[in-house]
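The values are calculated or read from the model by the stated rules, or taken from the named source; none is laboratory data. None of these values were measured; they are calculated from a predicted model. Don't worry about glycine lacking a Cβ; one is built from the backbone with ideal geometry, like all the others, and counts go over all protein chains shown.
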Amino acid sequence: MIEPEAIADHNRQHEARLARDLDHLAQALADDGHVTVEEVISALVEFSVAAPSWAVGTGGTRFGRFPVGGEPRTTEEKIDDVAALHALTGSNGSISLHVPWDDPEDPEGLRRYATDRGIRFDAMNSNTFQDNPSTTGGGRFTYKFGSLANTDPAVREVAMEHNRHVIDLGVKLGSEALTVWLADGINHPGQADHRDQFERVAGCLREIHDHLPDGWHMYTEHKPYEPAFYATVNQDWGSSLLLAQAAGERASCLVDLGHHLPNANIEQIVSRLAMVGRLGGFHFNDSKYGDDDLTTGSIKPFQLFLIFGELIRAGDGKLPSLAYMIDQSHNIKDPLEDLIQSTGAVSIAYAQAMLIDRTALQEAQAGNDAARAQHILQSAFRTDVRPLVAEARRRTGGAIDPLGAYRAAGYRRAVIDLRGTNTVATGL
């Protein structure tokens, strides 16, 4: 663990500068008059974004993987890493598990372990995109040609049973949602029938939806390609919406920022799904070409800001209660350092979006004043809100400079000494 005393000692080096920056920003926002420093900080204090269990280990590509060392060997150690992250940021109070990569023999014991470290369990993630002895009967079945879309009803039943198992496990852990991302699709024209595949998936999702306990939700997650490169069953937000509607009233759509074709207007997609009441979750990352899983806000920060603007619009002035998670793969950086930076970027975009003068923006839009509307958005986006984010972290017991505090604590060196250099934290 990273002790609160160590964070407090590190904070003392930055408190005077933070106070000066906050005073300057408070005066600027007071002059604008539509939002106060305290309103933004309070919202940031309440905000939390989950960390996925697989993101605390080194990711990889088809060409290689370069372990950073000290990767968690067990789900308990993944929770330890998320707890260390949360101690620094104050905004990562939950972990999202991926089954069967995380399939504890003692779920109740794991829940107590997480609770003792101040961590909750976010949405569960089912894996039917790779064969695994625990889900495919020791090799008797295969997902090579799809899971819920497979022509073989026995394979579809195995995939549905896996999803039911993930739900039952989530109940024991205190989770309240299931995210279903499918690799099902077609690599070669003519390999399968588009409509038949879609209808098989829709039918299976209805059965999985019927297994949801009271209070639970299901999220359908779309992606245009990979590993299927000619066509995927759930390739875009429209397909995701159709599948969610077919599944049942407690099914909605999850938007992953990297799961879109280049130049897609993701903020408009957010608006459409929110408009019909089927926006359920969000996976934050960034990309230049495809599903790059890069640090959130590192490539397209203005897009991230606009997305938060639409989220606040959907929540009638506040952030709606959705399943928010960072979904990234770290092949070069220390995974925890990348999660620190992504969490900061998400909080910055949220704070910037809160600064939008919505009354003035609506007036500009009603008057078709494009220049005025752009000025209003740019004024909010170009405001340096980092002091607000830092103050929110400080108020939750986190670090004013979380990356600096993390390095000063020597956490990576300590876990390398404890765990070694050759562990693998994901199932890839």
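Does the stretch 158-180 contain at least one residue that is in a strand (DSSP E or B) and among the β-branched types (Val, Ile, Thr)?
yes
Conditions (1) touching an Asp or Glu at 6+ places or on another chain (Cβ under 7 Å); (2) in a strand (DSSP E or B); (3) surrounded by fewer than 23 Cβ atoms within 10 Å (Cβ to Cβ), marked per residue:
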position: Glu38; (1), (2), (3): no, no, yes
position: Arg62; (1), (2), (3): no, no, yes
position: Arg65; (1), (2), (3): no, no, yes
position: Val68; (1), (2), (3): yes, no, yes
position: Glu77; (1), (2), (3): no, no, yes
position: Asn92; (1), (2), (3): no, no, no
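Going by the structure shown, is Arg117 of a type outside the set (Val, Ile, Thr), touching a residue at least 24 places away in the same chain (Cβ under 8 Å), in contact with a helix residue (DSSP H, G or I) (Cβ under 7 Å, 6 or more places away or on another chain) and more than 27 Å from Ser252 (Cβ to Cβ)?
Numbers: of a type outside the set (Val, Ile, Thr): yes; touching a residue at least 24 places away in the same chain (Cβ under 8 Å): yes; in contact with a helix residue (DSSP H, G or I) (Cβ under 7 Å, 6 or more places away or on another chain): yes; more than 27 Å from Ser252 (Cβ to Cβ): yes.
Spelling it out, Arg117 is indeed of a type outside the set (Val, Ile, Thr), touching a residue at least 24 places away in the same chain (Cβ under 8 Å), in contact with a helix residue (DSSP H, G or I) (Cβ under 7 Å, 6 or more places away or on another chain) and more than 27 Å from Ser252 (Cβ to Cβ).
Given the structure, is Ala390 on the phi < 0 side of the Ramachandran plot, at pLDDT 95 or above, within 24 Å of the chain's Cα centre (by Cα) and surrounded by 15 or more Cβ atoms within 10 Å (Cβ to Cβ)? Break it down into steps so the answer makes sense when it comes.
On the way: on the phi < 0 side of the Ramachandran plot: yes; at pLDDT 95 or above: yes; within 24 Å of the chain's Cα centre (by Cα): yes; surrounded by 15 or more Cβ atoms within 10 Å (Cβ to Cβ): yes.
So Ala390 passes the test.
Give the stretch 180-202 a look and list any residue that's under 22 Å from Glu161 (Cβ atoms) and either free of Cβ contacts under 8 Å to residues at least 24 places away in the same chain or of a type in the set (Asp, Glu) (or both), or say none.
Asp184, Asp196, Glu199, listed by residue number.
Please tell me if Ala399 is in a helix (DSSP H, G or I) and either surrounded by fewer than 22 Cβ atoms within 10 Å (Cβ to Cβ) or in contact (Cβ under 8 Å) with a residue 60 or more places away in the chain (or both).
no
Can you confirm whether the stretch 315-329 contains a residue that is modelled with pLDDT of 95 or more, of a type outside the set (D, E, K, R), part of a helix (DSSP H, G or I) and more than 24 Å from His98 (Cα to Cα)?
Within the stretch 315-329, none of the residues are modelled with pLDDT of 95 or more, of a type outside the set (D, E, K, R), part of a helix (DSSP H, G or I) and more than 24 Å from His98 (Cα to Cα).
Among the residues of the stretch 140-162, which ones are more than 10 Å from Cys204 (Cβ to Cβ), of a type in the set (Ser, Thr, Tyr) and buried (at least 22 other Cβ atoms within 10 Å of the Cβ)?
Tyr143
For the subset of the stretch 402-423 comprising residues that are in a loop (DSSP other than H, G, I, E, B) and over 14 Å from Val56 (Cβ atoms), which member is modelled with the lowest pLDDT?
Going through the stretch 402-423, the residues in a loop (DSSP other than H, G, I, E, B) turn out to be 410, 420-423.
Keeping just the survivors that are over 14 Å from Val56 (Cβ atoms) gives 410, 420-422.
Numbers: Gly410: 97, Gly420: 93, Thr421: 88, Asn422: 81.
Once the filter is applied, the top-ranked residue is Asn422.
One line per residue, one yes/no per condition, for (1) surrounded by fewer than 17 Cβ atoms within 10 Å (Cβ to Cβ); (2) in contact with a Ser or Thr (Cβ under 7 Å, 6 or more places away or on another chain):
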residue: Lys318; (1), (2): yes, no
residue: Met325; (1), (2): no, yes
residue: Gly344; (1), (2): no, no
residue: Phe381; (1), (2): no, no
residue: Val385; (1), (2): no, no
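Do any residues in the stretch 348-363 that are touching a residue at least 12 places away in the same chain (Cβ under 8 Å) have Cβ atoms under 8 Å from those of residues that are of a type in the set (Ser, Thr, Tyr), where the two are at least six apart or on different chains, and which pairs are they?
The qualifying pairs are Gln352/Thr383; Leu355/Ser379; Leu355/Thr383; Asp357/Ser379.
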